[in-house]
Each structure stands twice: as C-alpha cells, then as structure tokens.
Amino acid sequence: MNEADSDEMFLHLSARGAVRTDNLDEADAVLINTCTVRDHAEHRALSFLGRLCKWKRQNPKRIIIFAGCAAERLGKQLKKRYPYLNILSGAKSIEQFDQTLAKSGLFSPAGQPAAQQTGLFAYVTIMRGCNFNCTYCIVPSVRGPIKCLPAADILADAARKVKAGAKEIMLLGQTVNAYQDGSTTFADLLNRVSDIPGVERVRFTSPHPIYFTPQFLAAVKDNPKIAHHVHLPVQSGSTKVLQEMKRGYTREIFLEKVHALQTAGFEISTDIIVGFPTETEDDFALTLSLVDEAKFIAAYCFKYSPRQGTPAAQLKLHDEQTLEDRLDILLNKVKDLAETAYQRQVGTTQQVLMEEPHKGKSSTNFWVQTGLDFRPGSVVSCKIEKAEGTLLFARNEHD
Ligand code: SAM
Ligand code: SF4
C-alpha cells in the first residue's frame, strides 16, 4: 500500500519536473514514505531521517519530505527533533499532497505529471482507512475511517495502467473486500476490472475474513482472471485471543471461510501475531494447530509490537524471551508450508502469467517454469509435472 502511495506522491513531484534516482548523492530531494504498524518500521524510518542530517548539511538547498503513517502519528514534534526536515505529510493527507507541495514554495509550479510507466504489474488503491478497531492496531488512528474511491475512478485508473503496460492489477485497501460504492460491491468491482481489455489477472489485498460470503464466492469463483490466491490474515488461532483482539470472528468461523475458499479453488496465505499480551501457552498452541488445519501456502509471522494509544498497549507485555521463543517455534512450523503447497500442485493444470520467457506465476501464486519459451505478459495453460523447492515445472505442448 505504501508503494502505491509513493507512486501517487511521485506523480505530483514529477509534475514539478522531478525524476527518480536511487542515488542519494545526485538527489535534490528525498521522499521518505513511512509505516508505523510495528515499532521497528517506524524506528528504521527515523534512523534514516537522522542519517540525512549530514546529506542536508552538504547542501542546505536539498529537500526532505517525511510522509505516511509515522509522519501522521508523530506529527509536528518531528520538526522540532529534526529541524532540517522540510515537508511533513501525514497519511491522512495523501490526497492533498499536491497542495502540500504547492504550499511549501520549494518546487516550481505543477505542470503535467510524467507519463506513468508500469511493468507487468500495477497497484490500484480502491479504499483508504479502516473502520475496524483491532485492539493492537494503529492503522485506524493514522489512516482514519474507510473512504471507498468511486468505482468509475478506479476503473479509469486501472485502464490507464493497462495502457501503460500492466497485465496484472492488484486492488488495495486495508479491508479491501468491504468495498462498496453505491450498488457496486467488491465482487462487482473485481469482475469489472477483469473486463478491462488487456487485463489478464486481478489480485487484491488485504481482505478481512468477515466479508467473505457465499455470495462473494459465487460471484467470482468462475472468473479465470480473478487470481485464486487470497492473503487472509488470521492473527491468532485462539478464539479467546481473537475476541481480545476484537477481530470479529472465531477460530471456527475463520476455518470455515478458509475451507469454503479452498473448495472454490483458492489458495490462502496469512499473517499471524505471536505474543499478544493475553496470549497464554494454550492460546499459542491453538495458533500452531490452526496452521496445521488451514493448509496455508505461506504465513507472515510478527512479534506483537505495542502501539501507543491502542487498547492493547495498556496490557502487561510478555517478556522479550517469550516473544522470541514463540516466534521461533512458529517460524519453524511455517517454514515448510510453501514447499508442501508446491508439492500439492503436481498433476494439476495452472494458468500461468509469464514474467520471463520461461517463468511465471500461477493464478494461485506459485512460481512455474515452462518447458517452452512464451511472451512475457501472456497467460499459458501449464500441466505441472514436478515440484522442486518453491518452483513448479510444467510440460507444455511440443515439449
Ligand atoms: N487490514 C489487515 C487485516 O485486517 O488483517 C492487516 C493490515 S496490518 C497493516 C498488516 C499486518 O501487520 C497485520 O495483519 C498484523 O499481522 C500486523 N500487525 C498489525 N499491528 C501489529 C502489532 N501491533 N504488532 C505486530 N504486528 C502487527
Ligand atoms: Fe488494523 Fe486490519 Fe484491524 Fe483495520 S482490520 S484495525 S487495518 S488489523
């Protein structure tokens, strides 16, 4: 999501003549777009900002822009701590970034933004903010409540990106499947994006389990352009912890949703938090057993990080050793998920979007090596012959 926001901010900079560089020495301006979901992310952004002091001293005309969620959370105190910071632009004001640049007086007046260039993949933001209040999460306070973008704007944005070369569109939002614009539901939007000429595949992230209904599945499961992979964060396998996190579902409901998705041909990956303050050894054991039951293809695992102002931050923390131990045990369990999932694909037929002449990604998000060369951007039907580690090998006609 931050990458998509960074691209959007860059368009406003490009309208003022900016071009991108990865080389700090030749840059006139630096845009730091930050995350504050965990303390570590915020810390990295701040330590980079600290290191820029020397860069700025070498040429005081250089410009530093600090944007995004950490900018929103820390606000004006940053200007006191880092007086060389020029522009502060919090996550809630991303839509006003153009005005923020104009008001700063540091850039020339805006002209036309540079022509958008995309590779085979492009992000399209469909909603901002979040209406949930998961007790560990800082997102609602730094991003504000849900705002769904108009469907017509989303379709126009996707069409523009397809014209610029994209074949796969990733729709983005914190609870992306809660999307609604008038009578347009999330399923309608997915189907309409997939109908744009030139779109080969549509993905989305992050959905919330409670919005996966049988009606949703019925509306999308037979559309071959909608990727059959869903990243569905569970956070914990214990119903008690899920309630304390205010996730809005139980272990059983989550597993029901997963099985319904899997029956409809979708593969699932997830996010898990270990060491939530009230998580006991028994709760943690339930998370481990859920990983076995759910047959995820991947799981991203995080140590609980207290975020100031969230309800869970009031609770007594586990000691660091307990967090480390639980994370190690979980990581050890999830490390083989991908390889096991790859083995399960042998004998199946997969639709592969080619990224290189002989390698691409299946709709279910597995890497596939083809027997013949194909044009990048084309979709090829592949019969999977074998799996080695995290690569599937396909036999294609004339092989
Ligand atoms: N909206 C998505 C959902 O409801 O699952 C998740 C968005 S959150 C920005 C991305 C991931 O960060 C979450 O799935 C969660 O696992 C993790 N996360 C959020 N807050 C956290 C915290 N305080 N400590 C550790 N991990 C956290
Ligand atoms: Fe955070 Fe996701 Fe919960 Fe919203 S739904 S509060 S973004 S974890």
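Placing a pseudo-label 7 Å from each Cα along the Cα-to-Cβ vector at Q243 and Y211 gives an inter-label distance of 2.6 nm. Computed over the chain, the P(r) curve from all C-alpha pair distances, binned at 20 Å from the origin, holds 24, 55, 21, 0 percent per bin. You can think of it this way: the chain between I253 and H40 has 73.5 nm of extra reach, that is 0.36 nm per residue less the Cα-Cα gap. Each Lys and Arg Cβ is given +1 and each Asp and Glu Cβ -1; about its Cα centre, segment 61-186 then shows a dipole of about 660 debye. Going from the fewest other Cβ atoms within 10 Å to the most, the residues S238, S194, S6 appear in the order S6, S194, S238. Give, as a single signed number, the net charge of other residues whose beta carbon lies under 10 Å from the beta carbon of R62, with Lys and Arg counted +1 and Asp and Glu -1. Cβ neighbours under 10 Å give a net charge of +2. Bridges between two residues of the chain, per DSSP, are antiparallel at a rate of about 40%. Computed about the Cα centre, the dipole magnitude for the chain is approximately 1520 debye when only Lys and Arg (+1) and Asp and Glu (-1) carry charge, each at its Cβ.
Cβ crowding within 10 Å ranks D336, D5 as D336, D5, fewest other Cβ atoms first. A cut-off under 9 angstrom between Cβ atoms defines the neighbours of A151, and their net charge, with Lys, Arg +1 and Asp, Glu -1, is -2.
Look at where the Cα atoms of segment 202-275 and of segment 20-86 average out, and the two centres are 36 Å apart. Would you mind counting up the charge near M170? Only other residues with Cβ under 11 Å from its Cβ, with Lys and Arg at +1 and Asp and Glu at -1. Taking every other residue near M170 into account, the sum is +1. Estimated from the Cβ-Cβ distance and a Förster radius of 41 angstrom, the FRET efficiency linking E95 and Q321 is about 0.40. Between Q314 and F48, the FRET efficiency from the beta-carbon distance, with R0 = 30 Å, is close to 0.50. Toward the positive end of the charge dipole of the chain, with +1 on the Cβ of Lys and Arg and -1 on the Cβ of Asp and Glu, the farthest Cα among S238, V193, P109 is that of P109. Peptide packing: for 375-386, 178-189, the average count of neighbouring Cβ atoms within 10 Å per residue gives the ranking 178-189, 375-386, highest mean first.
The modelled label-to-label distance for the pair K147/K335, using points 7 Å beyond Cα in the direction of Cβ, is 4.5 nm. For segment 152-244, a crude dipole built from +1 on the beta carbon of Lys and Arg and -1 on the beta carbon of Asp and Glu, taken about the Cα centre, is about 260 debye to the nearest 20.
Percent of C-alpha pairs per 10 Å bin in segment 1-150, short distances first: 10, 39, 37, 13, 1.
When Y84, Y249 are sorted by how many other C-beta atoms sit within 10 angstrom of their C-beta, beginning with the fewest, the order is Y84, Y249.
Protection proxy ranking, highest mean first, for peptides 302-314, 96-108: 302-314, 96-108, where packing is the per-residue count of other beta-carbon atoms within 10 Å, averaged.
Were the residues from D328 through E293 laid out at 0.36 nm apart, the gain over their Cα-Cα distance would be 10.6 nm. Residues whose amide H comes within less than 5 Å of that of H231, counting only those at least five positions distant or on another chain, are S269 (H built at 1.01 Å from N in the peptide plane).
FYI, it's all coordinate maths here, none of it is from the lab. Since this is a predicted model, take the numbers as computed values, not measurements. Reconstructed Cβ throughout: ideal geometry from the backbone, glycine too, with neighbour counts over all protein chains shown.
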